[in-house]
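The values are calculated or read from the model by the stated rules, or taken from the named source; none is laboratory data. Source: prediction; values computed, not measured. For neighbour counting, all protein chains shown are included, and Cβ atoms are generated from backbone atoms with ideal geometry for every residue, glycine included. Surface accessibility is based on the protein's heavy atoms, side chains included, excluding ligands, DNA and RNA. Shrake-Rupley method; radii C 1.70, N 1.55, O 1.52, S 1.80 Å.
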Amino acid sequence: MPLDRRAFIRGSALTLGGALSLRRLPRAGAAQPTIWDRRSLQRLRIWDLHGHLTGVGGTAAERIRWILRYARRLGIERVVFFMGLRFRRNPAPREFRRDNDDLMRALEAAGEHALGFVYLNPNYPEESLQELDRCVRNGPLVGVKLWVAARATAAGVLAIVRRAAELRVPVYQHTWYKTTGNLPGESTPEDAARLAAACPGAKIIAGHTGGQWELGIRAIRRRGNLWAGLGGSDPTAGMVEMAVRELGAARVLYGSDCPGRSFASQLAKVLGAEIAPVEKRLILGANLRRLLTAALAAKGIPVQP
Amino acid sequence: MIVDVNVHLGRWPFRYLRHDDPARMAKKLRSSGVGQAWAGNFDALLHVDLDAVNHNTALWCRRWGGGLLVPLGSVNPRLPDWQTTLLRCVQRHKMPGLRLYPGYHGYQLDDPAVGELFRLAQQHRLLLQVAVRLEDPRTQHPLLQVPDVNLAPLQGLLKAFPRVPVVLLGALRSVSTRELEAMMDWGPLYVEISMLEGTAGVQRLLQRVPRQRVLFGSHMPLFVLESALLKLMESELSQEEQEAIRHRNAQVLLSGKKPS
């Protein structure tokens, strides 16, 4: 079936409320750099959706400083981190509170170069809601991270997501379709789509785009309040092109899953994609800034779109 | 100048790829600063007539490469008369090496036929590439799940045939750098960076693996070329390290291994 790229680009632009003039959109096939340097990357104003503090040594502050040093080498302006100094699949409330404390300590050391999402466990809904208020409504964090403690269709998730919607912050829901089999509490993109349908006011990110992105993109494409998070999978060619084709560029978000993944491999998915330069800018940073606008404004953090 | 030791011509069985056309691939490589690319052929994964596959690999490299693409043949030592296929790679196609797919061809490296293959490789001064992994096992097609290659038998093979250089393709997600450090003592073993992950990955790899053993590999067209290119930018590398990985190691390896 022939693909109408202009229609996709138009869809992306319209999702942005007409902020971009169609006449200014270069063609996808227009000449673009194939060799990037730091300065040309800085001009893209890259914000990274997906970072962790695990896998490297030192205190929280030392870890985040070390990771950001390499982010800067690739021109990345800001990285969103979540979870603590170690991965806990089903953390008790005292554990996720400790993780979030570690994260907030790291963010203090990072200054304006990092942001954070609160890590919650839907198996403890009451405690999670309290933590959401502590860290987001009354604290510095600007989103919610849900991992593999419970699937996105589990009972405790909906209350968390509704509260996040009230606070106008996005929810990053880890999703995978693993040929080798998912963990018991591991969500698929279809789970995320059901969650998005149940809470249409929420802004939900399907993490990893499901890993098997050809399945993941299909699963989320009919839900306008679902975004595709690109980070944390191999840099296979075609991922970003399909995401833009099916979702529109405005619903696609660059992230790295650092430090387990390299910034390079994950940035390359976008930089090497055959899409228009304006679509790359959206995916690499503008979309995330827009998604976080309300949360940042509530905390008095100025941000240029 | 970059030498990319891991590209494929032919068709990936599960997806259309933008650069799976030899002309488009050559154009992309050239525009990205790659001056030489060692090319296998995805058709070798599932085709049985590997003589035809190797013929096409050589033909496409000549027709579209203009000196850019270096053809590597494929041999499956489980097939009848694989020895003739190997000899054709050497004599007819003048290939400097072979790319092996033990996972897709269904054998282990401790298969006695692999020893015979190494003996012939040494005799004909071929380098060998072993495709340890082509795709994350979590994303493989459910009807074609291919495990990573067990590399333990390589220790004995490299001891028995110390003049056969072996390049591991896609090994760096399945073998830890700590394991690799020990494996470097086995003999002339090399790795490429296409599946290397982690912040500052190349720099961290070089803390355990000598820079002379690390090669630039993109795994194009399944992976985007920019991934490997940007890894060299992400890590803090000396000029010496950059040059070694970008081209010098591969050039030395190939110059010593041209078929007689």
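Miscellaneous remarks
- Per residue accessible area in Å² of the protein assembly as shown, where ligands, DNA and RNA are left out and the probe is 1.4 Å: 38 Å²
- Distant-in-sequence amide H partners of residue A:252 (H built 1.01 Å from N, under 5 Å): A:228
- Sulfur and carbon atoms: percent of accessible area, segment B:2-255 [1.4 Å]: 49 percent
- Note on chain A: the alpha carbon radius of gyration divided by the globular reference 2.2 N^0.38 Å gives 0.93.
- Residue among B:115, B:65, B:198 with the largest mean-square fluctuation in a Gaussian network model of chain B, springs linking Cα atoms under 10 Å: B:198
- Listing of segment B:1-40 residues, each with accessible area lower by at least 50 Å² in the full protein assembly than in the chain alone (probe 1.4 Å): B:15, B:18
- Qualifying trypsin sites (Lys or Arg not before Pro) in segment A:214-305, DSSP loop, other Cβ atoms within 10 Å at most 15: A:222, A:299
- Phi-derived couplings, Karplus 6.51 cos²θ - 1.76 cosθ + 1.60 at θ = phi - 60°, listed residue by residue for segment A:36-45: 9, 10, 4, 5, 5, 6, 4, 5, 7, 6 Hz, with x used for Gly and Pro.
- Percent accessible area from carbon and sulfur atoms, segment A:36-298, protein chains only, probe 1.4 Å: 46 percent
- Cα radius of gyration and Dmax for chain B (Å): 16.8, 49
- Theoretical ellipticity at 222 nm over the protein assembly as shown - DSSP helices of four or more residues, -39500 (n - 2.57) apiece, nearest 500: -10500 deg cm²/dmol
- In chain B, the sites counted are chymotrypsin sites (Phe, Trp or Tyr not before Pro) in DSSP loop states with at most 15 other Cβ atoms within 10 Å, and the longest stretch holding none of them, exclusive of the sites, is B:17-260.
- For segment A:259-273 and segment B:1-69, distance of Cα centres in Å: 23 Å
- Segment A:48-93, Cα convex hull volume normalised per residue, Å³: 84 Å³
- Label point of residue B:176 set 7 angstrom out along Cα-Cβ; within segment B:188-220, amide nitrogens under 18 Å from it belong to B:196-199, B:201-202, B:204-210.
- For segment B:217-247, a reduction of at least 30 Å² in accessible area between the chain on its own and the assembled protein chains (probe 1.4 Å) is found at B:223, B:224, B:226, B:227, B:230, B:233, B:234, B:236.
- Per-residue 3J(HN,Hα) values for segment B:102-112, derived from phi via the Karplus relation 6.51 cos²θ - 1.76 cosθ + 1.60 with θ = phi - 60°, read x, x, 6, 9, x, 9, 9, 6, 8, 5, x Hz in sequence order (x marks Gly and Pro).
- Percent RCO, i.e. relative contact order, over segment B:2-255, from Cα pairs under 8 Å lying at least 6 residues apart: 19 percent
- Test item: Cα-centred dipole of segment B:2-104, Lys/Arg +1 and Asp/Glu -1 on Cβ, debye: 360 debye
- When the C-alpha to C-alpha distance is required to be over 21 Å, the pairs from A:280/B:28; B:28/B:94; B:159/B:231; A:269/B:231; A:269/B:27 that qualify are B:28/B:94; B:159/B:231.
- Extent along the principal axes, Cα only, for the protein assembly as shown: 73, 51, 45 Å, with the longest axis given first.
- Charge dipole (Cα centre; +1 on Lys/Arg Cβ, -1 on Asp/Glu Cβ; no other charges) of chain B amounts to roughly 720 debye.
- Size of electric dipole in the protein assembly as shown: Cβ of Lys, Arg +1 and of Asp, Glu -1, about Cα centre, debye, nearest 20: 1520 debye
- Separation of alpha-carbon centers, segment A:185-248 and segment B:82-114, rounded to whole Å: 41 Å
- For segment A:172-200, accessible area lost to neighbouring protein chains reaches 40 Å² or more, against the chain alone with a 1.4 Å probe, at A:176, A:179, A:180.
- For residue A:258, residues with placed amide H under 5 Å, excluding near neighbours: A:52
- Per-residue extension of 0.36 nm, minus the Cα-Cα distance of residue B:24 and residue B:116, leaves a gain of 29.4 nm for this segment.
- Excluding ligands, DNA and RNA and using a 1.4 Å probe, chains A and B jointly bury around 3300 Å² of accessible surface, summed across both partners.
- Close amide H partners of residue A:119, meaning residues 5 or more places away or on another chain with modelled amide H under 5 Å apart, are A:83, A:145.
- Hz values of 3J(HN,Hα) by residue in segment B:11-23 - Karplus curve (6.51, -1.76, 1.60), Gly and Pro given as x: 10, 5, x, 10, 6, 5, 10, 4, 10, 8, 9, x, 5
- Mean partner shielding of peptide B:187-198, defined as the number of other chain Cβ atoms within 10 Å of each residue Cβ, is 3.
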